[in-house]
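Quick notes on the structure that follows.
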Amino acid sequence: MVNLTDSGFSSEQTSYLSGFVSGILQGREMQMPYLGQDAERRFTHEPEQSVHGTPLDDLCKEERIKHEKHGLDCYDTILANAAANEFPKDGDIFRYKFHGLFFVSPAQESLMLRCRIAGGAMTSTQLRGLAGVAENWGPGHADLTTRANFQVREIMPENAPDVLMTLTDLGLTSQGSGADNVRNITATPTTGFDPAELIDVMPYARAMHHYILKNRDLYGLPRKFNISYDSGGSVSVCADTNDIGFYAVKVGANDQGIAPGVYFRMQLCGITGHQQFATDCGILLTPAETVPVAAALIRVFIENGDRTNRKRARLKYLVDDWGFEKTLAETQKKLAFPLRQFALESCEPSAPKDKQGHLGIHQQKDGKHYIGILTPVGRVSVTQMLALADIAEEFGGSEIRLTVWQNLIIPGIPEEKLQAAITAIQATGLDHRSNTLTGGLIACTGSRGCKYAAADTKANAVALGAHLSTKMILDQPVNIHLTGCQHSCAQHYIGDIGMMGTRVKVEDGSTVDGYNIVLGGGCDDHQAIAREVWKSVRADEIEPLVEQLLCAYLAQRTAGESFATFTRRLSVEELQSLVGETARAAA
């Protein structure tokens, strides 16, 4: 104990200071009391030895990283690494993804930024600001993604804080855009101005987006989670590929006590990389009910999803184990209103989608027009981004919509400004015209920027599109999706033609870029999982192979038959026979 007797303090001061110092010393000797929550979310003073009932020793690597330190709590590490210009190490590589930053080594020795743009809707000011991020700290371009989002690559760690702060200043964020979190909320890109839609879903997509941002317990799920809103409009958002797909439907007069009007069907467990679309679960929701139901279901997943095996950690596997009945029953326990059972057949049929409604000139419900702009495999330069922002301001309503087809839309253009807008778009080097060969050409980042990819998908896709454009003209669109690995970011199983990267062994024993090729996929009213037809096709063989395949389709199809329908009626062997060995040897 410190001796204060001869200190010169008064007796009252000495008494106070003695008590103060004694309290400090006792605090050093005593452990601070613990406050936490158990698997049932009850408060406890005893440290929990499990994560939602899973013993710590049984957790997979990523779950142990999250248990040691929450991903949202690594911002101080981002700052420290920026000061030293060092990349994240060990568990922080995973935690950085909670802030939308991906260390993509060995593909690139840099960070990638993935934004979060609710419903794919952004302002011209935000697009211009994002162009500044790509110019000042990135490679001079940005990439549109299959979740109606933007990514910027080649960011150095010293610039990461500036990038994140700039996003915030722009009214954007990247929080939770990676790792085991609810990813970017997607919505019909033409919602709010689509003449065919049943309801404007942007308010609900934005509400879901902001609810997730403001609730810390919705981070650190067992695995990633996707949510999408389909307005019933003419442009697809591929909602049936999501963990939760909300589809707008109309209910007419009925004898089941349901008031006629617009509702949402809830589809669950879309995960096309695992060859499964979302399935209607029999529930009919009012628009206002969608956000609380999603919030409840996500928490059911958080509390019960598999945290021991990453390969079985998606919602699909919990529902596979439980079934819809138990899943909905557990969700119901967290809701203050009853879930409404209503047969899908009792709803009015949904309108078909326009396969290339995301491209070209289309009239809006207010008499103005939107222009869908083709951005080859989603890549746009800083110069193009700045010009598009100017075009949206000068000719439209200063708004840009991103699509899941790796392109963008400028809405709100009056009739008298259409030609000037088209001229300005063409001056950027981009095109608005619907193209049956390249309009549905989708490619993930590929091996130039992703360590998982087995092939240079973007370069292969651009070359394939250029080759086919010089060889033929199709009267119906054919979507071609190139993805680099089994994660299927480019959703190859829903393409008319889908390709998944693989390494192909050649004569000298080395390996080269190649693809496994699937045919006949589709989504929404053309829903189907594509079938694998060819394996281990070298990248330099795909151009003659696809050319001969499409020529066979044109020669043998029935009147008006789509490519998907054509391929689905033929066996794998019959499809293989359409392409002779000469096509592959020609490479």
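The values are calculated or read from the model by the stated rules, or taken from the named source; none is laboratory data. Being a predicted model, the structure only gives us computed values, none of them experimental. Here the Cβ positions follow ideal geometry from the backbone for every residue, glycine too, while neighbour counts run over all protein chains shown. For accessibility, only protein heavy atoms count, side chains too; no ligands or nucleic acids. Shrake-Rupley method; radii C 1.70, N 1.55, O 1.52, S 1.80 Å.
If you go through the stretch 268-281 and keep only what is open to solvent by 20 Å² or more (accessible area, probe 1.4 Å) and in a strand (DSSP E or B), you end up with Q276, T279, D280.
Could you list all residues from the stretch 403-416 that are open to solvent by less than 20 Å² (accessible area, probe 1.4 Å) and out of contact with any Pro (no Cβ under 7 Å at 6 or more places or on another chain)? Scanning the stretch 403-416 gives V404, Q406, N407, L408, I410, P411, G412, I413. For the stretch 354-370, the condition of being surrounded by 21 or more Cβ atoms within 10 Å (Cβ to Cβ), more than 26 Å from C269 (Cβ to Cβ), modelled with pLDDT of 95 or more and among the hydrophobic types (A, V, I, L, M, F, W, C) holds for at least one residue.
In the stretch 200-246, the residue that is nearest to G305 (Cα to Cα) out of those that are open to solvent by 10 Å² or more (accessible area, probe 1.4 Å), without any contact (Cβ under 8 Å) to a residue 40 or more places away in the chain and outside any loop (DSSP other than H, G, I, E, B) is K214.
Would you mind stating whether E416 is within 26 Å of Q267 (Cβ to Cβ) and not in a loop (DSSP other than H, G, I, E, B)? Here the answer is no, as E416 does not meet what is asked. Looking across the stretch 419-440 at every residue that is open to solvent by 20 Å² or more (accessible area, probe 1.4 Å) and among the aliphatic types (A, V, I, L, M), the one that is farthest from W405 (Cα to Cα) is identified as A420. When S488, S447 are screened for being assigned to a loop (DSSP other than H, G, I, E, B), at positive phi, surrounded by 15 or more Cβ atoms within 10 Å (Cβ to Cβ) and under 21 Å from the mean Cα position of the chain (by Cα), only S488 passes. Within the stretch 371-387, being surrounded by 20 or more Cβ atoms within 10 Å (Cβ to Cβ), on the phi < 0 side of the Ramachandran plot and β-branched (V, I, T) holds for I371, I373, T375, V380, V382.
Taking the criterion of being open to solvent by less than 10 Å² (accessible area, probe 1.4 Å) and part of a helix (DSSP H, G or I), the residues of the stretch 282-301 that qualify are T290, V293, A294, A295, A296, L297, I298, V300, F301.
Residues of the stretch 255-267 that are out of contact with any Leu (no Cβ under 6 Å at 6 or more places or on another chain), open to solvent by less than 50 Å² (accessible area, probe 1.4 Å) and not aliphatic (A, V, I, L, M): G261, R265, Q267. In the stretch 48-60, the residues that are farther than 15 Å from N309 by Cβ form Cβ pairs under 8 Å with partners that are among the basic types (K, R) and at pLDDT 90 or above, at six or more places apart or across chains, as follows: L56/R64.
Scanning the stretch 99-135 for residues that are under 20 Å from the mean Cα position of the chain (by Cα), more than 30 Å from A239 (Cβ to Cβ) and open to solvent by 10 Å² or more (accessible area, probe 1.4 Å) yields a single hit, F103. When the stretch 308-336 is filtered for residues that are open to solvent by 10 Å² or more (accessible area, probe 1.4 Å) and touching a helix residue (DSSP H, G or I) at 6+ places or on another chain (Cβ under 7 Å), the ones remaining, listed by number, are T308, R310, K316, L318, V319, E330, K334, L335.
Checked against the criterion of being over 30 Å from D255 (Cα atoms), among the basic types (K, R) and in a loop (DSSP other than H, G, I, E, B), the stretch 356-378 contains one or more residues that satisfy it. For the stretch 82-98, taking the residues that are more than 16 Å from D180 (Cα to Cα) and touching a Phe, Trp or Tyr at 6+ places or on another chain (Cβ under 7 Å), the one that is least open to solvent (accessible area, probe 1.4 Å) is identified as P88.
Closer than 26 Å to Q406 by Cα, surrounded by 22 or more Cβ atoms within 10 Å (Cβ to Cβ), in contact (Cβ under 8 Å) with a residue 24 or more places away in the chain and of a type outside the set (D, E, K, R): is that true of G138 in this structure? So G138 fits the description; yes.
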